[in-house]
Structures are given as structure tokens and as C-alpha cells.
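This report concerns only the one structure given below.
The values are calculated or read from the model by the stated rules, or taken from the named source; none is laboratory data. Here the structure is a predicted model, which means the values were calculated and not measured. As a convention, Cβ positions derive from the backbone with ideal geometry for all residues, glycine included, and neighbour counts pool all protein chains shown. What goes into the accessible areas is simple: the full protein's heavy atoms, side chains included, and nothing from ligands, DNA or RNA. Shrake-Rupley method; radii C 1.70, N 1.55, O 1.52, S 1.80 Å.
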Amino acid sequence: MSTLKHPFVTEKAMVSLENENKIQFLVDRQATKKDIKRDIEKAFDQKVKKVHTVMTMHGEKKAVISFENDKAAEEILSRLGIM
């Protein structure tokens with residue numbers, strides 16, 4: 001079962017994408033950083049540098065993911081049809 005739900009796209013998330021090469025995903029509440037890293041790397045074939053997780057005000061878990069490749073975040077959102 002995938003821990004990833006869907007990309008979290010807000011104006012702030014897009015600024016983070018453009019300036020820091022990071023994307024945000026809503027993930028399963030039980031997901032660990034290791035699970036998230038594994039699923040992102042498997043789904044998009046990009047090396048993850050770091051995963052940071054936070055709980056949203058709505059009680060959902062959000063992962064902020066940064067990549068080794070400078071263009072990875074943009075490429076992933078483009079593949080998903082968001083950019």
C-alpha cells in the first residue's frame with residue numbers, strides 16, 4: 001500500500017518548489033519518513049535527499065520532500081500534470 005495520497009499544491013508550496021526544489025505531499029498518518037522516501041523514489045525514480053513531515057491544521061500529515069537532482073521536483077509535478 002502506498003503511503004502517498006496526493007501532492008499538496010498551494011501558492012506557498014509552489015514558491016518552495018521554485019526556490020528550494022521541494023514538493024509537498026499529503027501522506028498516510030502512519031507513514032514514516034523512510035516509507036515516504038521509499039515510495040517517492042519508487043514512484044518517480046528520483047533520489048530523495050530529505051523528508052520533513054508536519055501535521056496540518058486539519059489533522060493530515062504533510063511531507064516536504066527535497067531531492068538530489070535540482071530539477072526533480074519540477075519534473076515530478078510536470079509528470080503529474082500540475083505544472
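Below, the figures for the structure above:
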| read-out | value |
| --- | --- |
| Cut-off 18 Å, label 7 Å out along Cα→Cβ of K12, residues of segment 26-49 by amide N | 26-27 |
| Alpha-carbon gyration tensor eigenvalues x 5, square-rooted, for the chain, Å | 18, 15, 11 |
| Surface accessible to a 1.4 Å probe, per residue, for the residues of the chain, Å² | 65 |
| Helix-only CD estimate at 222 nm, as mean residue ellipticity for the chain, using -39500 (n - 2.57) per DSSP H run (n ≥ 4) | -10500 deg cm²/dmol |
| Cut-off 11 Å, label 7 Å out along Cα→Cβ of E60, residues of segment 1-27 by amide N | 5-10, 25-27 |
| Rounded percent of accessible protein surface that carbon and sulfur make up, the chain, 1.4 Å probe | 49 |
| Set of lysines near K12 by C-alpha distance (under 20 Å), chain-local residues within fewer than 8 positions excluded | K22, K50, K61, K62, K71 |
| Förster-model FRET efficiency, 22 Å R0, K5 and D45, C-beta, rounded to 0.05 | 0.65 |
